[in-house]
Structures are given as structure tokens and as C-alpha cells.
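Here the structure is laid out as C-alpha cells; the discussion comes afterwards.
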Amino acid sequence: METVTITIDGEQYQVERGIPLVLAAERAGVRIPHLCFHEGLSVFAGCRLCVVQIDGARGLPTSCTTPTADGQVVWTKTPEVLDMQRGVMSLILADHPDRCLSCHRQEHCGIDGICLRDAVVTYRCLTCAKNKRCEFQSTSEELEMHKYPMRYYQERHSWYGPDHQERAVGRSNPFIELDFNECILCARCVRACDEVRGLSCYELTYKGPDSRIDTSFGLPLQAVGCDGCGACVDVCPVACILDKPSKWQGPAQRTVTTTCPFCGDGCQLVVELQQERILRVGGVKAVEGVPMVTCSRGRNGLGYVHDARRLTQPLVRRDGRLQPASWDEAAALVASRFAGYRNGGLGAAISPQLTNEESYAVQKFVRTVMESENISVTGIEGDRALVAPLEAALGVGAGTGSLEDLAAAKRIFMMGSDIVSTNAVAGWQIRRAARMNGGRLIVASPRANEMTKWAETWLQYRPGTETALLAGLLNVMVTESLVNAELIEANCEGYDAVQAAVAGFDPERSAAITGVAAEDIRRAARTLATAGGAAFVYDAGITQHTGATGAVAALVNLALATGSLGAAGAGLFPLRDSSNQQGAEDLGYRGHGGVPAGRALLIAGSDPLATELDRTGWAAAVRAAEFVVVFDSFLTATAAEADVVLPLSSFAEQDGTRTNSERRVQRSRAIIPPVGESRPLWAGFAAIASAMDSKECEFFDAGSIFDEITRSVPSYGGLSYERLEERGIQWPCPEGHHPGTATLFAEGFGSPRVRFLPVAAPDDLRPDDASFPLLLAAGLARVPYHREVLAAREDASTRAWDEELLTLRPDDALRFDLADGEPVTVETPTGSFKAKLALDDSGPSGVLFLRIPVLADPSVLLSGPLAELLDAAAGLRLSPAVVRPTR
Amino acid sequence: MTSDHLEPIEAILRPYQGRKGVLLEVFHRVQEAYGYVPQAAMEPIAKLLNLHPSTVYGSLTFYTEFRTAPPPRVLVGMCLGPTCHIRGAETVKDILQRRLGLPASGHNDDNSCGIHVIQCAGHCQYAPLVYVNGEARREVTVGGAAALADEVSAVVARGGR
């Protein structure tokens, strides 16, 4: 950072060169009033409020458009400046109710002060939802507007003028309420949606006095592609764009920054609290150029921690019923029973959403106290398979780059499910790259989704043919000599075998299997194999189908062949489904999911009977086990079957760390006091271990466990809570002063050599049986599939984007004489199930898509029509099928 | 005229595939074909130019020449540029609006007649300038406004012919 010396109001400051003066002043502790400027967004210079006087400059320039330069002498409080600022405020106020801002009684009014005469009831400050948290209000107070007469009252179109027209309030979105009557046209929402999210739901429409912020033709937000992320809410300085659920709940008493507990993107959330309850959640303000990020799930899904159904005390099964017990009693019981299952008798399964500290504690307990290795991680099937090939090929079981670098990536190959739904924030970075930064985006996906819209090439392949498509791409690179031969020669082994394996997959053959045009395959391969490499982004969408497990290995081969590793904005980017899947693996979890072996079972933080695809297998294992202990925050379907249920603190009640998809270890902080007697997992195991007279698990706090982790995991060696305080650090970080590693292999591969992975010849999955002409593919529900969100399932978030269960292309439906909304029976070689059919043309022809629902009540999932569907989905995933009307 | 007679939006947009900086040209072509730029055109135009529909709408509404709703059958275009303004165009507009019985929105409920403000056409020597269905009327002064209003009323009564 290059610094310059500037003088503001007679004081000298060292500031960064070339940044907006208003920002430099703010960082130096001098506030210049501003409304349209927002750090992290482009400069708009629309409000004209940040004017200053600069020696040698003509007039009063706006400080947002003036870059800092050496020797600048700036005056921010001269009478001319203040008069101009008050004039500008007066202009803005002419089109805004001003009694809430400039009432002369304001300073006499307390919290419950009497407000009788000065304003019409509807325009009093107390009647505004943004009162006491309004930037416009604080700016107005700062400029003491109540002491100065308004200058522009007489305008016909002004707020109190005869031609003023009220705009209708937009209340149709479940999360965001729009009331543009108070809009001051700062266009922060326009810029936030456009620049940070890469979307532009809002735009300035019309011009002059008619200007207004609007969506296309005034459509509701959800109709113009809004995913409810709330960036616009975070930046709106007035009461126009508000979080609907907390609109009237006033300002926060305190705020805490923590890591979102949902997906592997690991966003930082600013949680606002009131009376020790989560009031609302926002994104962090820009830190060092990193834009604010949260998605709808983090923003609206955290309320579950206050659910009245939270478990508040341990439950022990007596006389066949779960009954309340004390922690001592429950821990003693678990200890005495567990004593009989040492040395391999216990199987454990943990949730991939637990903190590193909790995961470490469970593992230590099971390995050292129980002497068992039967530990697995639950969650999205196939998530582990996302990085296992990377470990085999590169020696590092994690993504190689940084998510924020994706926004500047030059070439992106994206494969998998609808990433804007599953890993929204990573998806936005890619959207920004494709829309604004000239990144060339190639999306390989069976169905149309948000990202296929922005793709230069969309490779619409038939589900299950991933490896054939990737083999076709590599074939083009090999035959056209586009591979980075020098790099391969120097660093890689196994290339000859892979070259031989793809030799038979010329684009024509690949096209015949996948359904993608051969020319598109050629074009995509040529785009990707350009100097500088490409980013290969993928998620569990490609590892869930049978026959597609080689897809990740094939992607690794492509990344090596194109020489993509080592550069920022290129490399391999597996997007993890869960907030700490990566962390659990870093700590040594290698379980592939599935039911762990053991006569006794320990299940921590997950509800496999309701949310795992193999529910039936889990239900059998739980019933067969001699002793089942469940740690959970809720009495879930699994907990209801347990012998002992121990109340688990949620993410909001404990300190810890989580590791996201880009290897960034981040702090998760205690936000609220523990609910009832719930405890973090490590505290529960400390109690059980001590009841078993073991000294192995004497945990006192999360910090000391993290210190233990840093001693036993070399790549975490240089981390500490202190270092993670400001912002997370990406491992490897082997020692105390190491800055962390944003991009792996930036220094080259070193030794040992990395290797290409053998990929089995892909199958041709075209249905060959004339009686089952369709292909059935099962996929995940779009938005709300994390169990924490499920806890709040009556919440709007589970209803907002409800998708139909079974979809088929209209032209295929015509062949089978089926109509939209018709009840149908799907038959496969192994069985049949019933569902309601919806028609949409987003998928390839000949494919039936089944959405796997995880949002309903678990009791519905265990029996009833949805259970039948789930069983079908778990067994089938990809299967030949036929669909008939149910009559 | 039913929608069957209209040129499909895809056909209008096809020549612009892969071209940059053609948004306004596209608006003109769509308005020529439909008489206005309909909501249904937002998505296809946005997709063509890799924009968001809201961005397209923002540009569309910035220009007063583009309409977002079907035009009235008789369209009176009023120039309110500086010269016309000085020569009383505002008053002319008020008179026309009142005599034609048009509400503040400028449109009849049945869309038989409407009055729009247009951009300066550059014929300031003929100010105030008024267009009736695209045909220019020169020097429509305050004194002549009532006569023009009656003439327009007659056209409206004939259904716009």
C-alpha cells in the first residue's frame, strides 16, 4: 500500500494513495457526511453531500470522487462547506418526510417521550421502522437540520407538495419489504445487487423528478431473479428496503460477527441481538476490498436457535419412555454402558456442521477412550468424494484456490448442481466474473439454472455421463496439442495412461453418449486449454450419481493437463455442502458417510433417520443397536429412538472454529447464552470421559482444544484464536508468522510429483430397454435442505421457493400423453412410486427429474407418500424408468 | 390486430445476436413492430445482451420516446422544449388535455386518445410544435389550441383515422 500525507482540518494524516477522500478521512477518524458512498461499492456521486473544500481546487468538490493525493489540504467544516451540505440535505429532505429527522422537539424527547403537536401522526420519527438505525436520520442530526429552515418546501412534487404521489408498498416477498416512498435515490441497492451479487434486480428508472428505483416493470423481487440475499437491505440508508421479519423490531443492542453454520462457503455474518435473541442478520461491511456476503439461508435461517422445541435437559429412556434427567445422571449412565463397548464396539457418526473443536473432541473420545475407529460423517452423500481424488493426485485433500479469486477468474468450468442455490456466495463470484470481469464461463449441467444464463457455452449433458463429457474435453486437448506438455513432463506422472484412456473419446463419441454437440465440446476444450489455466468449480451434484464417481478424478486430470494449478483464480474448487466438512476431514475423518459399524451407536448433531438418503439402513441400524446415544439440539426422529439424548448447544452458543471450502479457518463465536442445560459437544464428552475415569478428554474450553488441534494437525500449526480474530486464515499455515496460503502450488509442485488419475471408461447410460424409455435422475431440493433450516420449517424460508417434485420436458410429456400437475406413477425395473408431475423445459429430453424433499416433517418422511419417494430416490438415483398416469 | 399478426420477438432480435451497444436500436425496432416495448420483451432482450431485465427496463424508461404500454389510437405529442415552452406550450397542453377530457395520467381509460411529452424535434422556428399521430402541427399557439383540440376530437370519434 502506497501512502500519502494529507491535511484534513489542519491535522496531518498518512492515508492510502488514490482511494476516495471520504474513505481515507473515515479511516483516519474524520467523518464527512455522505449518503450514496458505500465502501465496497463503486462511486456514484449522486447525493452531493460529501462536499469539501480543497486548497487549490475550484468550488466544493465531492470527496467521494476526489482521490487522495500527496499534500492535499482539505477542509471539511468551513461555513461554506456546512452551508452547502445543509442545502443539499434540504433538497433531499424536500422529497422525504422530514419531521422524523428535523423535528425541533427531537432533542427533548426520550425513548418514551411525548410527541403531540409537531408532525402529522404518520410522519413522526416514532412511526418509522428505521427510527434510530437510519443513516439518513443520523446524518440529519449530524448536520443539525432541525436548527435550519427547510429551503425547498414549495416544490409541487416535494413530499408535502400537492402533486406528491405515494407509491405502493411491495409486500409480496417473504424476506424483503420495499417501500420506495422514502427513497433518496442513492442507488446503493442498485450497485450492491449489481456489483456485489452480480445480479442487478434493481435499476434507476425514468429520469429527472420522475426517477425512481424499480425492478423490471415493477415486478416483485422474486420474479426478477432475487435470491433474497439482502445485500440491498444492508446498504439502504433509509427505510425503503427492510428485512420483513424484523422490520419493526428496532435497533440492535449489540452485534457479534460469526461464521455462518450452513454451507461450505463460510460467510461472515453480523448478528444483531436484542435481549439475547437474534434480531436480524446482515453481511459484514467491506473489509479490505472483500465485499459483503450473506445469502438468504444465513440471513433468514438462524432463528431456529430460539425455537421453543429446543432440548433443554438430558433425556434418559426409562420404562420405554424418554424422561428428563440431570447431566450427572445421564453422563454416569452413558459412561457405565459405554464401558462395555470399548475396543471397537462403538460406532459414531457426526454432523459436518459441528465446529473443529467439537469434531476433534468426538474423535478423541471415540479413538482414545472407546478405542474404536468406526467414525463417519453424515450429510450430503458424495461430499467426501469431492476431495478424495485431490488427495490421491496432489497430496492435498482440499480445494486449491480462494473463492474470492473466482470473481476475477479468466476461464471457469463449472460442473454440478445449481451452485447459486447450494453455495450461493461462491456462485455470485462466478457470476461477477462472467458478467463484469470478462471471465469466460462454461457450465456443464443437465438442467438450466441461474448460471447457465450467464454461460458462454452450456454443455447440457445427460445425467450420469459426466466422465464421458470430461473424457471428450481431454481428448480434444490431447489431439489438438493444447495440453501444457512442459509442465506435465516436469511434474506429473500417469499422463500416458490417461492419454491412452481418452484416446477413444473423440468429441463425436462423447457427444453421442452425453447429448452435447461435438462442436461445443471442441469449443469448450479450446477455451479452457489456454495459458493461465482455468478454474474448475464443482459440487456434490456430480458425485451423487452412480457411474459418475470418476468425474472428480477426470476434473483433476483436466486441471493438470491445462496447467491450472498454482495461479490465482484458477485450479480446483470443490464446493462443500456443509460448513465444516473440510474441517472434519482436516482432523482425520475419512469416513465415507453411511452407517458406522458397532453394537452401540453415538450420533452427534445429525438426524440420519430423517435427512440421510439411506434412511432405511439407518433406521435398521438404530433399532438393532443395543445402546444409542444422540447429542442434538432438538428431539429429532433419530433422537426419539435413542436410549439417551443429550442437549447440544447450537452454533450460536459456543466458541469454536470452522474450515470452509477454500481451507479458511474462521472463528465461530458464542452469541447467546446456552439454551437450558445444553452444552457444546466437547463439554458433554468431557463429562462422560470423566465419569469413565479417563484423563484423555479433560476439555475446559474451546480455545484449549484448538491449541491441541494446532499441535496435532501440521497445516493448522501456526493458527491461534488471536490470529483468527480479524479474519480467517487459509491453511497450510505451519507456523506462527505464516500468512496462510491463498493458492496452493503457487510456488510450484516441488516433490513428490503429482499424478494423473486413472478414470474408468465411462458407461453409456442411454436406456436400452424399450419398456423403460426414460432416465430417472434424483437431485436435491433447491433451497432449504440443511437440517438447521428444517427446524424452522414452519418458517417462510421453507415455503418461499417450493419446487415441484417430479419434472419432465413438455415434449416428452406429450409423447406419454401427460399433462402438467397430473398424478403419475413412475415405474423402474426395481419398483415404482407415485408423484405429481410438473412440466418444465430446463432439463435434457428423455430425463425425468425427481427432487429429493428433505423439508417436511420427519414423521412424514418415515411413513407416508414422501417416504415412498425417498426410498425410491435412495435406491435409484439414476435408473431407466417409464411414467404413466395414475388412474 | 391480434398478437398473431405481430412479428415474434425472437425474429426481431436475431440480427442483433452477438453485437454490442445495440440496446437502443433494439428498443426502436421493438417499438416499430409492437407500437411499444412490452414487458415480455425484457427477458429476451436481457438475454441477448447479457444484461439483467431490470437494467433493460431502466434504460428503456430513461428515454421518453419509448413507450412501455400500448400507445393510444390517437397520440398527441407535445414538445415542451425551451422555445415551445416560452411560446406557451405548457398552456397549450393544459387546454388540449382539458378539451379532450384527458385525466392527469394523459390517457383515456379506453386508450382512444392520449397526450405525451416528446423530445425537442429541432423545429423551433415553428414553436409550439404539436404532433397528431406523427403529423406535425406548426405554431399551435394558445389561441389555436382549442381549434386543434376539436380537430383531434373528431379524429378520435372516427376511431383514429
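Using the structure shown, decide if A:Pro261 is surrounded by 24 or more Cβ atoms within 10 Å (Cβ to Cβ) and either more than 14 Å from chain B (Cβ to nearest Cβ) or among the aromatic types (Phe, Trp, Tyr) (or both).
yes
When A:Gly282, A:Gly266 are checked against the criterion of being part of a loop (DSSP other than H, G, I, E, B), more than 14 Å from chain B (Cβ to nearest Cβ), open to solvent by less than 20 Å² (accessible area, probe 1.4 Å) and not acidic (Asp, Glu), a single residue qualifies: A:Gly266. Checked against (1) surrounded by 16 or more Cβ atoms within 10 Å (Cβ to Cβ); (2) assigned to a loop (DSSP other than H, G, I, E, B), A:Arg86 passes all but a single condition, namely (2). Among the numbered conditions (1) part of a helix (DSSP H, G or I); (2) open to solvent by 10 Å² or more (accessible area, probe 1.4 Å); (3) not assigned by TED's automatic domain parsing to the domain that holds A:Ile278, the only one that A:Arg299 does not meet is (3). Here A:Arg782 meets the list (1) at pLDDT 55 or above; (2) under 22 Å from A:Val443 (Cβ atoms); (3) in contact with a strand residue (DSSP E or B) (Cβ under 8 Å, 6 or more places away or on another chain) almost entirely, failing just condition (1). The set of residues from region B:99-110 being touching a residue at least 24 places away in the same chain (Cβ under 8 Å) and open to solvent by 40 Å² or more (accessible area, probe 1.4 Å) comprises B:Arg99, B:His107. Determine if region A:232-241 includes at least one residue that is under 30 Å from A:Arg658 (Cα atoms), of a type in the set (A, V, I, L, M, F, W, C) and within 14 Å of chain B (Cβ to nearest Cβ). The answer is yes; a qualifying residue exists. Residue-level analysis places A:Thr457 among those that are open to solvent by less than 10 Å² (accessible area, probe 1.4 Å), within 14 Å of chain B (Cβ to nearest Cβ) and within 30 Å of A:Leu850 (Cβ to Cβ). Output the number of residues of region A:799-819 satisfying the condition of being farther than 24 Å from A:Thr465 by Cβ and modelled with pLDDT of 85 or more. Number of matching residues: 4. The set of residues in region A:178-225 being modelled with pLDDT of 90 or more, open to solvent by less than 10 Å² (accessible area, probe 1.4 Å) and at the interface with another protein chain (Cβ under 8 Å from one of its Cβ atoms) consists of A:Cys201, A:Tyr202, A:Thr205, A:Thr215, A:Ser216. Look at (1) outside the structural domain of A:Val502 (by TED's automatic domain parsing); (2) closer than 30 Å to A:Tyr495 by Cβ; (3) surrounded by fewer than 24 Cβ atoms within 10 Å (Cβ to Cβ) and you find that A:Thr616 fails only one, number (2). For region A:422-437, the tally of residues that are open to solvent by 20 Å² or more (accessible area, probe 1.4 Å), outside any helix (DSSP H, G or I) and more than 11 Å from every other protein chain (Cβ to nearest Cβ) stands at 1.
At least 3 residues that are more than 27 Å from A:Tyr360 (Cα to Cα) and not hydrophobic (A, V, I, L, M, F, W, C) in each: list the helices (runs of 4 or more DSSP H) lying fully within region A:529-633 that qualify.
By residue number, no helices (runs of 4 or more DSSP H) qualify.
Could you check region A:680-755 for helices (runs of 4 or more DSSP H) lying wholly inside it with 3 or more residues that are at pLDDT below 85 and assigned by TED's automatic domain parsing to the domain that holds A:Ala339? Result: empty, no element qualifies. Residues that are part of a helix (DSSP H, G or I), over 19 Å from A:Ser649 (Cβ atoms) and in contact with a strand residue (DSSP E or B) (Cβ under 6 Å, 6 or more places away or on another chain) occur at least once in region A:334-354.
If you take the residues of region B:36-66 that are in a loop (DSSP other than H, G, I, E, B) and at pLDDT below 90, which of them is farthest from the other protein chains (Cβ to nearest Cβ)? Full working, then the answer.
Step one: filter region B:36-66 for residues in a loop (DSSP other than H, G, I, E, B), giving B:36-38, B:50-52, B:63-66.
Subsequent filtering for residues that are at pLDDT below 90 retains B:50-52, B:64-65.
Numbers: B:Asn50: 7, B:Leu51: 8, B:His52: 4, B:Thr64: 8, B:Glu65: 12 Å.
The selected residue is B:Glu65.
Need the failing condition index for B:His85 against (1) away from every other protein chain (no Cβ under 14 Å); (2) open to solvent by 70 Å² or more (accessible area, probe 1.4 Å); (3) modelled with pLDDT under 90, just the number. Of everything listed in (1) away from every other protein chain (no Cβ under 14 Å); (2) open to solvent by 70 Å² or more (accessible area, probe 1.4 Å); (3) modelled with pLDDT under 90, B:His85 misses just condition (3).
Residues of region B:134-154 being in a strand (DSSP E or B) and under 18 Å from B:His85 (Cβ atoms), which ones?
Selection gives B:Ala136, B:Arg137.
Being surrounded by fewer than 20 Cβ atoms within 10 Å (Cβ to Cβ), within 14 Å of chain A (Cβ to nearest Cβ) and not polar (S, T, N, Q) is a property that B:Glu10 lacks. Any chance region A:849-861 includes a residue that's polar (S, T, N, Q), modelled with pLDDT under 85 and within 21 Å of A:Asp614 (Cβ to Cβ)? Yes, some residue in region A:849-861 is polar (S, T, N, Q), modelled with pLDDT under 85 and within 21 Å of A:Asp614 (Cβ to Cβ). Of the residues making up region A:654-667, not a single one is open to solvent by 10 Å² or more (accessible area, probe 1.4 Å) and over 30 Å from A:Leu744 (Cβ atoms). Taking region B:32-53 as the range and being small (Gly, Ala, Ser) and either without any contact (Cβ under 8 Å) to a residue 12 or more places away in the chain or surrounded by fewer than 19 Cβ atoms within 10 Å (Cβ to Cβ) (or both) as the test, the residues that pass are B:Ala33, B:Gly35, B:Ala40, B:Ala46. Taking region A:511-540 as the search range and keeping residues that are touching a strand residue (DSSP E or B) at 6+ places or on another chain (Cβ under 8 Å) and surrounded by fewer than 17 Cβ atoms within 10 Å (Cβ to Cβ), which one is modelled with the lowest pLDDT? Taking the candidates together, the pick is A:Gly532. Within region B:120-133, being assigned to a loop (DSSP other than H, G, I, E, B) and open to solvent by 30 Å² or more (accessible area, probe 1.4 Å) holds for B:Cys120, B:Ala121, B:Gly122, B:His123, B:Asn133.
The values are calculated or read from the model by the stated rules, or taken from the named source; none is laboratory data. Since the structure is predicted, the reported quantities are computational estimates derived from the model, not experimental observations. Cβ: placed from backbone, ideal geometry, glycine included. Neighbour counts: every protein chain shown. Quick note on the areas: whole protein, heavy atoms, side chains included, nothing else; ligands and nucleic acids left out. Shrake-Rupley method; radii C 1.70, N 1.55, O 1.52, S 1.80 Å.
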